[in-house]
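Below is one structure, written out as structure tokens; the observations come after it.
The values are calculated or read from the model by the stated rules, or taken from the named source; none is laboratory data. These figures come from a predicted structure and were not determined experimentally. Cβ placement follows ideal geometry from the backbone for every residue including glycine, while neighbour counts extend to all protein chains displayed. Side chains included, ligands, DNA and RNA excluded: accessible areas come from the protein's heavy atoms. Shrake-Rupley method; radii C 1.70, N 1.55, O 1.52, S 1.80 Å.
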Amino acid sequence: MRINTKKWHFLLLSFLFMSFVNAQNNAELQTNSFWNNVRYGGGLGVSTGTGFFSATIAPSAIYDFNPQFSLGVGLNGTYNRSKDFFKSTIVGGSVIGLFNPIEALQLSAEFEELNVSRNFDSSDFQDENYWYPALFMGIGYRSQNVTFGIRYDVLYDENRSIYVDPWAPFVRFYF
């Protein structure tokens, strides 16, 4: 049984076209499934006092590999001002891993690298600009999109850290 050339070309082109359309659908499904597993969150903070102001914005995103494991990245930007004493800007990023052994319990590990720039109003202190790493290990109670907990900076250096203490409570939101 012989197939003429026109029919052969038509069958070949049809096969290639269907393969191309199928590849497009598979790529679209893979892309959609990736973005379906991404959740966004972060933090906002404002603190004021007599002659003091601080504001922080810290967006983040995580990818849920499954109900137990997530991995994500975040950015951090903070501005501090203490009237007649100093101004500081802090910018940086972080990588966070989350593990939920049970639905209500969340364990976390977060590496944060921040650039700290402090400018003092007084000549008694020297301006500073340095990078500060922090490695937080945390535990929290998780209820749907919110986790309340405490974390500990295992690299804490009281002379260089932007945090007062290595222990820090947290509230984490991801939607």
Quick check: pseudo-label points 7 Å beyond the Cα along Cα→Cβ at Glu128 and Phe52, how many nm apart are they? 1.6 nm
Starting at the first residue of region 163-175, write each ³J(HN,Hα) from the Karplus equation 6.51 cos²θ - 1.76 cosθ + 1.60 with θ = phi - 60°, in whole Hz, x for Gly and Pro. 9, 5, 9, x, 8, 9, x, 8, 10, 10, 10, 9, 10
Whole-Hz Karplus couplings 3J(HN,Hα) for region 42-55, θ = phi - 60° and coefficients 6.51, -1.76, 1.60, Gly and Pro as x, run x, x, 10, x, 9, 9, 9, x, 5, x, 10, 9, 9, 9
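Summing +1 for each Lys or Arg and -1 for each Asp or Glu, what net charge is found among the other residues whose Cβ lies under 15 Å from the Cβ of Thr56? Walk me through the numbers before you get to the answer.
On the way: positive: Arg81, Lys87, Arg172; negative: Glu112.
Summing Lys and Arg as +1 and Asp and Glu as -1 gives +2.
May I ask you to derive the FRET efficiency for Tyr163 and Ala104 from their Cβ-Cβ distance with R0 = 35 Å, giving the value to the nearest 0.05? Don't skip to the answer; put the middle values down first.
Values: r = 27 Å, r/R0 = 0.77.
Given R0 = 35 Å and the Cβ-Cβ separation, E is 0.85.
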If each of Val146 and Asn32 carries a label point 7 Å out from its Cα toward its Cβ, how far apart are those two points in nm? 3.3 nm
Using each residue's phi in region 142-150, evaluate 6.51 cos²θ - 1.76 cosθ + 1.60 at θ = phi - 60° and report the 3J(HN,Hα) Karplus result to the nearest Hz, with x for Gly and Pro. 10, 9, 6, 8, 10, 10, 10, x, 9
Accessible surface of Asp124 in the full protein assembly, 1.4 angstrom probe, to the nearest 10 Å²? 130 Å²
Counting only protein heavy atoms with a 1.4 Å probe and every protein chain in place, the carbon and sulfur fraction of the accessible surface of region 39-134 in whole percent equals 61 percent
Using a 7 Å offset from the Cα along the Cα-to-Cβ direction at both Leu44 and Leu71, what is the distance between the two label points in nm, to one decimal? 3.1 nm
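Keeping all protein chains in place, calculate the accessible area per residue for region 52-130 (probe 1.4 angstrom), answer in Å². Could you put the intermediate results ahead of the total?
Values: 4370 Å² over 79 residues.
Heavy-atom SASA per residue in region 52-130 reads 55 Å².
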Which peptide among 97-103, 71-77 comes first, and what is the full order, when sorted by highest mean count of other Cβ atoms within 10 Å? 71-77, 97-103
